[in-house]
Each structure stands twice: as C-alpha cells, then as structure tokens.
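The values are calculated or read from the model by the stated rules, or taken from the named source; none is laboratory data. As the structure is a computational prediction, the values presented were derived from the model and not from experiment. We place every Cβ from the backbone using ideal geometry, glycine too, and count neighbours over all the protein chains shown.
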Amino acid sequence: MNYFKKILRFAVPYKKYGILNIFFNVLYALFGTLAMVSLFPMLSVLFGQTKKVNIEPVWSSFSNAREYAEQYLNFFVTQKAEQGTEDVLLFMVALVISMFFLKNVFRYLAMYSITFLRNGVLKDLRNALYNKILVLPISYYSEKRKGDTIARITSDVLEIQHSFLSILELLVREPLTIIFTILAMLVISPKLTLFVFIFIPISGFLISLIGKSLKRKSDKVQQEQGLFLSTLEETLGGLNIIKGFTAEKIFNNKFTESTNRFYRFSNSLMNRQNLASPTSEFLGITVIGILLWYGGQMVLIDKSLNAGLFITYMGLAYQILTPAKAISKASYSVKKGNAAAERILEILETESNIVDVPNAINKTAFITDIDIKNISFKYQDDWVLNDFSLKVPKGHTVALVGQSGSGKSTIANLITRFYDVNKGSVNIDSENIKSITQNSLRKLLGLVTQDSILFNDTVKGNLLVANQNASDKEIIDALKIANAWEFVKTLPNGIETNIGDSGNKLSGGQKQRLSIARAVLKNPPIMILDEATSALDTESEQLVQNALENMMKNRTSIVIAHRLSTIQKADNIVVLSKGEIVEQGKHQELLEKKGVYFNLVKMQTLV
C-alpha cells in the first residue's frame, strides 16, 4: 500500500467530498440495517405473534434491548389495533418502505459525493503526469517507449480512479454495514451470532490466499498494455515505411504476440479476481445453512426465539454476504490500484538531471557572444565531444560541418540545454547557461530542425506556439519572410487551415518553411538551424535557403549543415571530426587549404 498512500495526496483538495462520502455511507449502513430490522414488526403482525400490552415498556439496559423492542412493538400494535388491523398493516408497510427509501437515498448521496473526488484525482493525476512529461529532459525518453508512457497516463490513472472508490468501500461503507448488522444480530440472538464471528475470519483468510499474487499479475497486464500501445504508436508513425518495405506481416506478428500475452495475463488476473466473489458467497451460504439448522431448533423445539425474529435474523445474516463480497472485490481493486500507482510514481518521482540552480538569473537579452569553453560530452560511454571550444560573436553566422557522428547536433543540444555538458561550460554573455533559468535561456533561442515538427492544428495554431499573443498580421509577415505565404494563402481557409497530423497535408518544403516562419515569429536573437535543408529536393531547398537567409539577417546563427551549399556565406565554418575541430575559416579560405573541408565540398560536386 506504500505506493497508493503516496497517491492519496492528490485527494487532499477534494477531502470535503471524502468526508461527505463517509458521512452518507454511515447513514447508508445504519438505514440498511434498520431496513432489515423494520421487517420484524411486519412479520409479527402477519404471523399474529403480537401480545396485548397496554402499559408502555421502560428501557432498562442494552442487554434487555430485544425484550424492550418486542414489548414496545406489542404496545404499539395494541394501541393501533383499536383503530383497525388495516391501519397497523399500512403503517408497517410505510415503515419498511421508508427505511429502504432512506437507505437508497444515502447510498446515492454517498456515490454522488465520491464522484467529485474520483474524477478530481483523475484530472489532477493526469495534469501532474503531463506536466512531468514536459519537465523531464529529452534524455529520459531515449530509452522509454512512448506507448508505455501513454498507457500510464490513460489506463493506469483510470485504475487508480476506480481504486479510490474501492478503498472507501473497504474502509467505511462495507465494514460499517457489517458492524451495524452484527450489532442487530447480537441483540436478536448472541448464540446464533457466534457462527458469524467464526465465518468472517475464515472467509477473509481464504480470500487473502486467492489475492496474494494479484499485484504481480496486474503489473504484467499493465506492462504488456504499454508494449502493444508502443507498437501501435510506432506503426502509425512509420506506416509509409512499413508499407514501402512490405513489412506488414512483421509488425502484425509483433502486435499479435503482444496482445496474445496480454490475453493470457488478463485471463489469469481476471480468473483470480473472479474467484473471490463465489468463494465468499459459498462460505456465506454454508454458514447460513448452519444458522438455519441451529436457529430452526431454537424456534421449533426450544421455543427460545420468535419466528418473526428468526426470519429477520436470517435476512440480516444474508445481508452480510453482500458487503463481505464487496470487501473482497475492493481489496483486489486496491491491489491493482497499488500496482498502477507504482508505475505512475515511477514517472512522478523521477528527478530531472537538468534543473535550474537556486537563484538562477532570468536573462532577457543577448549582448556580446556565445562562448563554448573546453566542453566534453558523452551520451553513454564514448565521448562525442572532447575538449571542444568555440566563440560565436553577436551578429555572426557560424556553420558546423562534418561527417555524421562528428558532434554537430550535440552542440545544438548543449546550447539549448537539452543535455548538460560533462566538462567545461557553455556561456552566453559570460554567464554559464547553468546559472540562467531554462525558460529565459530558450526564449533567446530559435530552433529549426531537420524534421519539421508540426502539430495537428491550423497554420496559425502551429505558429502561435512561438508567440501566443501574435496578431494575424504578424503571422502573415512571418510567413512572408519564410517564403511560405505564397502557398498558405492558397489553402482553403488560409492561416486557419488545419494541416493534419504532423503536417501531413503539406509537402516537405512547405512544412520546413512553416517551421522557419514559426522561428521568425518568435523573433529570437539567436537562431540554431540543425540541418534544416538536408531532407529537401533542390527546388524546395532553394526556397527554404532564401527563407533562412531572410531569417538570419541581423541575428546570431549557428548552422549545422549537411549540404555545404547552404553555408557558403557563413562568417566562420567549423569543420568537426570525432568531436574535435580540425579546420575553421571562411568558405574560400578553407577551399584554398585543400583539406578536410575541400574534400567534403568535392564529394558534393560543388567545385
């Protein structure tokens, strides 16, 4: 229960609904018992077992409660009988109906109040998880399946929502129903109630044996659900590759194997869970059978128990079965909720390794330069950058070139602080970026990546990600600078046109120009372009290149380039190899050296 206890903090804002639920459940349990007890007067009248009593009885002690109740009933019936038997019956029927009505009214009110708590916890848990997903560094997701994360924020959170109802049933409603019922049974016949006390611990022990492995089985079900959701997410994201390589069978087998495992684990889990209810009911009926035999002797042979009381007692005894079964189901639900809570807390309690230091400064302007000082970095075991240094003066364009794996994109990830350096420092205006708040640092930066990351929204909605207060005129101006307005204005609804999932209604060049327009709208002083034209055809590349040049005017730019034709006008071209600088200078200077850069250009047939 340790994991589940930690989740309970999300219920604190809704504690008033929990208190109301407990209050109404107390009344539900009380009137549930009184509803059964109210049958006794009716039965006594029907069986003609009331005796004439003209003097109102006096309460003496709890030990004589049964005798007092019988005498008071006889007194009441004697008084009412003078007005006619029909009036007595009518009153008894009204009493029974009233008790059952109140029982169900309080049951509804208890369920009504718990609804706000359950759905409130569901909402806050999902919000907390989503916020944590945004806060955790990119490195956290490099080894995580997206589908597993989706499963945790959907099905695992729902499991906890259901468990909140179960835990209140487990702690309040059903135990109180049993307690009030047993008290009534004790008043009627302490001897018969002895069997009930024997039944409850035996039943609880047997049910606990059934549920011992439930959490482990529930873990397997939830993990497998995350796995097939991951496969589904990968399939939707790479459908063109799957179809293009006729790999449908491979992915279908992968998904089917996962759902088959889910089928087996779910069967095992549900069968174990379903065993609780019939087990508890069978044990209950067994005890009721013993009660019928023993109680029947008390009524028929010993004459020590009123027949109406015995029937009422049997109704109360059978009534215990329902809360007993509910407790067994609730305990299973809580165990499943505990397993789900463990998976959710794994995300919520993960500490980000990229955090703002205490008293981090809120930087609002870029003044002098970006200074990368002797940095070394590795993702896992091998160093990607080794004692790397580079200065980028304000207003300059610096291009990073080199073979794949030379560390170009890593530098962009370190400047944006998606990752932290292992050694050395990255400074902006002589301030280590670790001493600047992440939010203010990234407000100084614009980012255009090789993969145009767009959202299933309108053109306008995608651009407002950069500046949510931008006017339509500012959006159109940004589109014009990015050479995107020409095609956007021809769309059915202009900037209000939805571009589909990941912008799939647009061509590659169009998507990239929208990405550039988004960066333009942000209007940052520093621009990072990570191979922004490498995935484009020649015509699109020219349009995008012109857009990039428009965007880079009067800005400090770091350009990571695969196509060297795009960086010939750079103030400084830095050639990387295995995380180290092997050459740097202007385009013509490097060509004249006939070194690494010259060979790279030659391979791209530009000379």
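Report, ordered by the first and then the second residue, all pairs with beta carbons closer than 8 Å, sequence separation of six or more or different chains, a first member in region 130-152 that is among the aromatic types (Phe, Trp, Tyr), and a second member that is at pLDDT 80 or above.
Tyr130/Ile153; Tyr140/Thr350; Tyr140/Ser352; Tyr141/Thr149
Under the condition of being in a strand (DSSP E or B) and at pLDDT 90 or above, which residue from region 402-432 is farthest from Asp369 (Cα to Cα)?
Lys423
Take the residues of region 31-59 that are farther than 26 Å from Phe106 by Cα and part of a helix (DSSP H, G or I): which is modelled with the highest pLDDT?
The qualifying residue modelled with the highest pLDDT is Ser44.
Among the residues of region 435-483, which ones are of a type outside the set (D, E, K, R), assigned to a loop (DSSP other than H, G, I, E, B) and closer than 30 Å to Ser404 by Cα?
Residues satisfying the conditions are Leu444, Thr449, Gln450, Ser452, Ile453, Leu454, Phe455, Ala466, Ala482, Asn483.
Could you say whether any residue in region 143-164 is under 30 Å from Ile311 (Cβ atoms), of a type in the set (Asp, Glu) and in a helix (DSSP H, G or I)?
Taking every residue of region 143-164 in turn, none turns out to be under 30 Å from Ile311 (Cβ atoms), of a type in the set (Asp, Glu) and in a helix (DSSP H, G or I).
So is Asp371 surrounded by 14 or more Cβ atoms within 10 Å (Cβ to Cβ) and touching a residue at least 60 places away in the same chain (Cβ under 8 Å) or not?
Taking the combined requirement at face value, the residue does not satisfy it.
Quick check, is Ala547 closer than 20 Å to Ile411 by Cα, surrounded by 19 or more Cβ atoms within 10 Å (Cβ to Cβ) and either at pLDDT below 90 or acidic (Asp, Glu) (or both)?
For Ala547, the condition - closer than 20 Å to Ile411 by Cα, surrounded by 19 or more Cβ atoms within 10 Å (Cβ to Cβ) and either at pLDDT below 90 or acidic (Asp, Glu) (or both) - is not met.
For region 334-361, enumerate the residues that are surrounded by fewer than 22 Cβ atoms within 10 Å (Cβ to Cβ) and of a type in the set (S, T, N, Q).
Residues satisfying the conditions are Thr350, Ser352, Asn353, Asn359.
Listed here are the residues, each with its yes/no results for (1) more than 30 Å from Leu445 (Cα to Cα); (2) in contact with a Phe, Trp or Tyr (Cβ under 9 Å, 6 or more places away or on another chain); (3) free of Cβ contacts under 8 Å to residues at least 60 places away in the same chain.
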{"site": "Tyr318", "(1), (2), (3)": "yes, no, yes"}
{"site": "Asn353", "(1), (2), (3)": "no, yes, no"}
{"site": "Lys378", "(1), (2), (3)": "no, no, yes"}
{"site": "His396", "(1), (2), (3)": "no, no, no"}
{"site": "Tyr419", "(1), (2), (3)": "no, yes, no"}
{"site": "Gly424", "(1), (2), (3)": "no, yes, yes"}
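Scan Tyr28, Tyr112 and give me the residue that is surrounded by 15 or more Cβ atoms within 10 Å (Cβ to Cβ), modelled with pLDDT of 85 or more and either of a type outside the set (A, V, I, L, M, F, W, C) or not assigned by TED's automatic domain parsing to the domain that holds Ser163 (or both).
Tyr28
For region 370-393: of the residues being over 15 Å from Ser406 (Cα atoms) and acidic (Asp, Glu), which is modelled with the lowest pLDDT?
Asp381
What is the one condition in (1) touching a residue at least 24 places away in the same chain (Cβ under 8 Å); (2) surrounded by fewer than 20 Cβ atoms within 10 Å (Cβ to Cβ); (3) assigned to a strand (DSSP E or B) that Lys391 does not satisfy?
(1)
Does Lys480 satisfy the condition of being without any contact (Cβ under 8 Å) to a residue 12 or more places away in the chain and surrounded by 16 or more Cβ atoms within 10 Å (Cβ to Cβ)?
yes
This table checks each residue for (1) touching a helix residue (DSSP H, G or I) at 6+ places or on another chain (Cβ under 6 Å); (2) assigned by TED's automatic domain parsing to the domain that holds Val520; (3) aliphatic (A, V, I, L, M).
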| site | (1), (2), (3) |
| --- | --- |
| Gly405 | no, yes, no |
| Thr416 | no, yes, no |
| Val426 | yes, yes, yes |
| Ile433 | yes, yes, yes |
| Arg442 | no, yes, no |
| Gly446 | yes, yes, no |
